[in-house]
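Inspection log for the structure reproduced underneath, given as structure tokens.
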Amino acid sequence: MSEQAEISSPKEAADNALVLAFGRLQGAANRLEYILGRALERECGISHLMFEVLLILGRAGEPGLSMRAIAQEQVLTTGGVTRLVDRMEAAGLVARTEDPGDRRGRLVRLTPLGEETTVRASRLHVENIRRYFLAPLPPEDRERFAENLRVLSHSARDELPRLP
């Protein structure tokens, strides 16, 4: 990709190779999230964001995670996580428990239904990732592409401010 040293018109801005490449990445991510998210909603009754929280809690294991930890992982406000967890708790996917390390704190953990939903949704999600994310790519490029995405994700994560 050639970089233009100077952009002096809207046409040059729109045709800039780096702007185009990032736009394609963002467009692909948005479209894939829509396609895969709709499948999760249709087949499992959960949003993509709920699925992400189920995965975060599944990774954490017992005794669970604080709202702040979930917010940091999801790049959400604690208020946004509270509303999301409220909906997930009402659906029976998660439960709040006392934090053994902080008498005032509460932890969020998966319920048995949450564990079952995580597994079922993950199986569907993996099938759809193979179909919509991997299948269009040449097989010899897939591993390197996934590694490049990991590097980009970690680099961007490291630039984000940490919640107090």
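The values are calculated or read from the model by the stated rules, or taken from the named source; none is laboratory data. Predicted model, so just to flag it, every value in this text is computed and none were measured. Positions of Cβ are backbone-derived with ideal geometry, glycine not excepted, and every protein chain shown enters the neighbour counts. What goes into the accessible areas is simple: the full protein's heavy atoms, side chains included, and nothing from ligands, DNA or RNA. Shrake-Rupley method; radii C 1.70, N 1.55, O 1.52, S 1.80 Å.
A few points about this structure:
- Lone unmet requirement of (1) over 18 Å from the mean Cα position of the chain (by Cα); (2) at pLDDT 95 or above; (3) basic (Lys, Arg) for Arg103: (2)
- Exclusive hit being at pLDDT 95 or above, closer than 26 Å to Glu43 by Cβ, out of contact with any helix residue (DSSP H, G or I) (no Cβ under 9 Å at 6 or more places or on another chain) and charged (D, E, K, R), set Arg123, Arg87, Arg83: Arg123
- Within the range 107-134, restricting attention to residues that are closer than 16 Å to Glu33 by Cα and among the aliphatic types (A, V, I, L, M), the residue that is least open to solvent (accessible area, probe 1.4 Å) is Ala121.
- Here is the figure for the range 42-63: residues that are surrounded by 14 or more Cβ atoms within 10 Å (Cβ to Cβ) and either assigned to a loop (DSSP other than H, G, I, E, B) or more than 12 Å from the chain's Cα centre (by Cα) (or both) total 7.
- Some residue of the range 69-78 being open to solvent by less than 90 Å² (accessible area, probe 1.4 Å), assigned to a helix (DSSP H, G or I) and over 25 Å from Arg162 (Cβ atoms): no
- Taking (1) of a type in the set (A, V, I, L, M, F, W, C); (2) open to solvent by 70 Å² or more (accessible area, probe 1.4 Å); (3) more than 27 Å from Asn128 (Cβ to Cβ) in turn, Ala95 satisfies each apart from (2).
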